[in-house]
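Novice: I'd like to ask some things about the structure below.
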Amino acid sequence: MYEFSEQSLAYQDQLRAFMDAHIYPNEEIYRDQLVAAEHRFSYLPVMDELKRRAREAGLWNLFIPPKLAEFADHEGLSNFDYAPLAELMGRVQWCPEVFNCNAPDTGNMEVLMKYATPEQQERWLTPLLAGEIRSSYAMTEPQVASSDATNIELSIRRDGDEYVLNDRKWFITGAMYERCGLFIVMGKSDPDNPSRHKQQSQVLVPRDAPGLEIIRPLTTLGYDDAPLGHAELRFTEVRVPVSSMLLGEGRGFEIAQGRLGPGRIHHCMRLIGAAQRCLELACQRVTQRHTFGKALAEHQSVREDLARCFSEIEMMRLLVLKTCQRMDDLGAKGAMDLIAASKTSVPIMAQTVIDRCMQVHGAGGLTEDYPMAEAYNYARWCRQADGPDQVHLMALGKQVIRRFSDA
């Protein structure tokens, strides 16, 4: 039987009350301000107000684990205790930022907590923890299959007291946001190293670095995910001081592996919240609409669909909680099998559940009048983000075969 800590339970109650009082009532206001903004990727006044309220309520940086609690205003939350909080935040796609718990910033902040020097932390981590700036993680490239991180080609060349960066990146989440101030950039600093996993490094690049160009915003299924957005970037002779190197030359792959494990499971937590909210809206909808002389709720096919939704969400929630417990006990590396199982199963579940709920809402389910279409887009791109399904399934299959055979 899973039991959350008293701290987690208290935060769950606080967060539910905050969502009811401040998030749901502001969904329309957020949408209106986004439409009226000077440009699509402007910062919205309602976000500033909600972040102020969240900080005052003590609902801030809840993603920080106990081992990094020195950076938090609380004791730190385990992955297991954080899971229901991230699920609640996932019910409204933009709301994790209200609590400074949004991707990619959470992963970037953990990178800076674990690997950055005190000087790097002072410049970048401090304002990120305060929610004053935002950040991006620049790994994926258009010209190579980036699902194999060793394929990354962006050049990081040492030139005296500087590193020089050249090449392109794309689908860089958060890069379009006007408050994005930092890019954590992965590239090749030692392409001839005989170890394919020691050729890469990661460096800290200010957004306003000369030679760093945002080529265009990108969409996923037609959504631009404003105001955060996804972007294609070009680095042309971008120079940063040697002090911008994270952890050391050749440690980029190591940093990437340490960053992506928790991030993958955070997406799963939020997707469960998105699917759960869509189910609840569908249950309300079917009691309010009538066809062929009776409520939709009385049709057998509708009941069966919603029953399946309930069951599938419950199964995935339990898988995620088991994964979180394993991560807390053994670390991300010791939970690689369950992380892969969650990463490949939860987004598909969310897609399936949300699709049924869209169908119940008729044509309205395809519009922005309801959260289903945007949530579906999120679930779909999560099957590409942080590594595509095929890579995780390939690695998981290898583990399973080894475990249950003599191979």
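Novice: Please compute the Kirkwood hydrodynamic radius of region 6-129 from all pairs of different C-alpha atoms, in Å with one decimal.
Specialist: Averaging 1/r across every pair of different Cα atoms and inverting gives 15.3 Å.
Novice: To check you understand DSSP bridge types, tell me what percent of the beta bridges within region 118-221 (both residues inside) are antiparallel, rounded to 5.
Specialist: Around 65 percent of the beta bridges assigned by DSSP in region 118-221 are antiparallel ones.
Novice: Divide, for region 1-65, the radius of gyration over alpha carbons by 2.2 N^0.38 Å, where N is the residue count.
Specialist: 1.39
Novice: In addition: Set the Förster distance to 41 Å, then compute FRET efficiency between residue 34 and residue 2 from the Cβ-Cβ distance, nearest 0.05.
Specialist: 0.65
Novice: Follow-up question, since we're still on this one. Starting from the Cα-Cα distance between residue 148 and residue 126, subtract it from 0.36 nm times their residue separation and give me the gain in nm to one decimal. Present the calculation step by step, with values, prior to reporting the outcome.
Specialist: On the way: separation 22, 0.36 × 22 = 7.92 nm, distance 3.20 nm.
Contour length minus Cα-Cα distance gives 4.7 nm.
Novice: Can you put 240, 35 in order of Cβ neighbours within 10 angstrom, beginning with the fewest?
Specialist: 35, 240
Novice: Another question, then. I want the local charge near residue 395. Using Cβ-Cβ distances under 14 Å, sum +1 for each Lys or Arg and -1 for each Asp or Glu among the other residues.
Specialist: So the surrounding residues net to +2.
Novice: Using only the Cα atoms of region 151-287, what semi-axes does the equivalent ellipsoid have when each is the square root of 5 times a gyration tensor eigenvalue? Give whole Å, largest first.
Specialist: 35, 19, 12
Novice: To continue, here is another question. How long is the gain from residue 162 to residue 311 if the chain were fully straight, where each residue apart is worth 0.36 nm and the alpha carbon distance is subtracted?
Specialist: Using 0.36 nm per residue and subtracting the Cα-Cα distance, I get 48.1 nm.
Novice: Calculate log10 I(q)/I(0) of the chain for q = 0.06, 0.10, 0.14 Å⁻¹, where I(q) comes from the Debye formula with a single equal point scatterer on each Cα and nothing for solvent.
Specialist: Scattering profile of the chain, log10 relative to I(0): -0.24, -0.69, -1.34.
Novice: Separate question: May I ask for the Rg/Rh ratio of region 30-72, computed from Cα atoms with Rh as the Kirkwood radius, given to two decimals? Walk me through the numbers before you get to the answer.
Specialist: Numbers: Rg = 14.5 Å, Rh = 12.4 Å.
Result: Rg/Rh = 1.17.
Novice: Let me ask you something else. As a test, work out the antiparallel percent of DSSP beta bridges whose residues both lie in the chain, rounded to the nearest 5. The partial results should precede the final answer.
Specialist: Working: 31 of 37 bridges.
Counting only bridges with both partners in the chain, antiparallel ones make up about 85 percent.
Novice: So, with +1 on the Cβ of K and R and -1 on the Cβ of D and E, and no other charges, what is the size of the charge dipole of the chain about its Cα centre, to the nearest 20 debye?
Specialist: For this selection, approximately 900 debye.
Novice: While we're here: With +1 on each Lys and Arg Cβ and -1 on each Asp and Glu Cβ, how big is the dipole of region 253-404 about its Cα centre, in debye rounded to the nearest 20? Kindly include the intermediate steps, with their values, before the conclusion.
Specialist: On the way: 20 positive and 16 negative charges, 76 e Å.
My answer is approximately 360 debye.
Novice: What net charge is computed for the residues neighbouring residue 305, neighbours being all others with C-beta under 13 Å from the C-beta of residue 305, Lys and Arg scored +1, Asp and Glu -1?
Specialist: Combined, the nearby Lys, Arg, Asp and Glu give +1.
Novice: Counting other beta carbons within 10 Å of each residue's own, what order do 71, 292 fall into, fewest first?
Specialist: If I rank by nearby Cβ atoms, fewest first, I get 292, 71.
Novice: Same structure again: Using Cβ contacts closer than 10 Å as the measure, can you line up 396, 59, 330 from fewest to most?
Specialist: 330, 396, 59
Novice: Size of region 287-362 along its principal axes in angstrom, Cα-based, largest extent first?
Specialist: Here the spans come out as 56, 16, 16 Å, largest first.
Novice: A follow-up question, please. About its Cα centre, how strong a charge dipole does region 18-157 have in debye, to the nearest 20, once Lys and Arg get +1 and Asp and Glu get -1 at the Cβ? Mind dumping the intermediate values first?
Specialist: Values: 12 positive and 22 negative charges, 29 e Å.
In total the dipole reaches around 140 debye.
Novice: To continue, here is another question. Volume per residue, Å³, of the convex hull around the alpha-carbon atoms of region 85-234?
Specialist: Given the Cα convex hull of region 85-234, per-residue volume reads 136 Å³.
Novice: If you don't mind, there's one more thing I want to ask. Expressed as a whole number of Å, what is the distance separating the alpha-carbon centroids of region 380-398 and region 195-225?
Specialist: Answer, in whole Å: 21.
Novice: Run the numbers for residue 405 and residue 243: contour at 0.36 nm per residue of separation, minus the present Cα-Cα distance, in nm.
Specialist: Residue separation times 0.36 nm, minus the Cα-Cα distance, leaves 53.5 nm.
Novice: In angstroms, what radius of gyration and Dmax does region 341-407 have, counting Cα atoms only?
Specialist: 16.1, 55
Read-outs throughout are calculated quantities, based only on the coordinates presented, and are distinct from any laboratory measurement. All values derive from a computational prediction rather than experimental measurement. Cβ: placed from backbone, ideal geometry, glycine included. Neighbour counts: every protein chain shown.
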